[in-house]
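The values are calculated or read from the model by the stated rules, or taken from the named source; none is laboratory data. All values derive from a computational prediction rather than experimental measurement. Glycine gets a Cβ as well: all are built from the backbone with ideal geometry, and neighbour counts include every protein chain shown. Accessible surface is based on the protein model in full, side chains and every heavy atom, while ligands, DNA and RNA are left aside. Shrake-Rupley method; radii C 1.70, N 1.55, O 1.52, S 1.80 Å.
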Amino acid sequence: MGKSYSLADLAELAGVAREAISAWDTEGRLGEAPRDEAGRRVYGFEQAERAVALGGRSVRRRISVVNQKGGVGKTTSVFSLSAAFAERGRRVLVVDLDAQANLTSSFGYDPDTLDKTSEDLLTDEKVRPEDVILETAIEGVHLVPADIRLCRVDVKIHEMFMRELILQNKLRHLFQHYHVILFDCPPNLSKVTINALLASDEVLVPVETQSYSIKALSDLTNTFSLIRQKMNHALRVWILPTKVGRTSALANEFLGALERAFGERLLPSVSIDPEIVKAPMFYEPVTRAFPSSRAAREYARLARFLLLPDAERDQQARSADRLKPLD
């Protein structure tokens, strides 16, 4: 069952007053909404998407989620954010580029039974995104799945013309169809990852505060700078601390070091939360399985921030209290 919205919810998504939403509804600009047994209108994804468009907040984001280290919450972040974006009335395409296919499995698909995956999209010139994209149980979210064959993609595309731009060229006609395209990248800087980066305009780097160094992160962000220099492709980089235990002195010390090193590029952190581990057992992101959990609320806050119009987002990134933990 999809999320339902109140008129106040729709007003918040559109960034307008409740009276404006009521007027749009009366004028029929939100589309035809079904009614419940009591005859009340039930506002769903279609009305949320229309409200976003009418409010002029249909910004487009293409985000690669990257880290050379595994186990830092990369796939969890993609899975959770996709649902959080959709709940804000955005059409989302998630592209699984990791041979482990954990994101594909999280959506309830068995990678071994799929006819076509992102491997085919990358290696077969005749395969279009429409041949690969799957529906998911989350309204508004579509999936390009992965499978184990991605392990050999670098070898297969090595001799292909403009091999670094395969994804960009194949997905270009969808850039305006989806509000957000999320790439779940493999834990290395392979040709597959480079493809994702060149198809993106932003990078989100999840980092576990218990086991990472500032130098390793700086080396990774230097790679993004190299892409700008060599490929003339600028990427906005965000650092996302994950699995943060607020009672840990080491974690808080590391968060302070991250803020000093990355400043406005540092995002509010996601806490250690057992509900994150439980949620995929139900083939649901934590934002849907346990919406009141701390991690769900933190991912929802992150989605709100990333979807802000550029000027508002830049202003909020400079805010002194933007990194304050949720109550």
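Grab the DSSP H runs of the chain that are 4 residues or longer, score each as -39,500 (n - 2.57), total them, divide by all residues and round the 222 nm result to the nearest 500 deg cm²/dmol.
It comes out at -11500 deg cm²/dmol, rounded to the nearest 500.
Given the options 29, 61, 304, which has the most mean-square fluctuation in a GNM of the chain, springs set between C-alpha atoms less than 10 angstrom apart?
Of 29, 61, 304, the Gaussian network model singles out 29 as fluctuating most.
Summarise the accessible area of the chain (1.4 Å probe, protein heavy atoms) by the percent that is carbon and sulfur.
50 percent
Just to confirm a number: summing +1 for Lys and Arg and -1 for Asp and Glu over residues other than residue 255 whose beta-carbon lies under 14 angstrom from that of residue 255, what do you get?
Net of charged neighbours comes to +2.
Keeping all protein chains in place, calculate the accessible area per residue for the chain (probe 1.4 angstrom), answer in Å².
About 46 Å² of surface per residue is accessible.
For the chain, set up a GNM with springs between Cα atoms under 10 Å and report which of 287, 76, 221 has the largest fluctuation.
221
Comparing 102, 252, 195, which has the greatest mean-square fluctuation in the GNM of the chain with Cα pairs linked when under 10 Å apart?
Of 102, 252, 195, the Gaussian network model singles out 252 as fluctuating most.
For the pairs 74/191; 116/215; 3/278; 3/126; 156/278, flag any whose C-alpha to C-alpha distance is greater than 27 Å.
116/215; 3/126; 156/278
Find how many whole Å separate the alpha carbon centroid of the stretch 259-327 from the alpha carbon centroid of the stretch 177-200.
The stretch 177-200 and the stretch 259-327 have Cα centres separated by 21 Å.
Taking the DSSP beta bridges in the chain as the whole, what percent of them are antiparallel, to the nearest 5?
Percentage antiparallel, nearest 5: 15.
Any idea which of 117, 102, 83 is furthest toward the positive side of the dipole for the stretch 80-121, if Lys and Arg beta-carbons carry +1 and Asp and Glu beta-carbons -1?
83
Quick one: give the max-minus-min coordinate of the C-alpha atoms of the stretch 163-216 along each principal axis, largest first, in Å.
Taking the Cα atoms of the stretch 163-216, the three principal extents are 40, 25, 14 Å.
Give, rounded to the nearest 20 debye, the magnitude of the charge dipole that the chain has about its Cα centre when Lys and Arg contribute +1 at Cβ and Asp and Glu contribute -1 at Cβ.
In total the dipole reaches around 860 debye.
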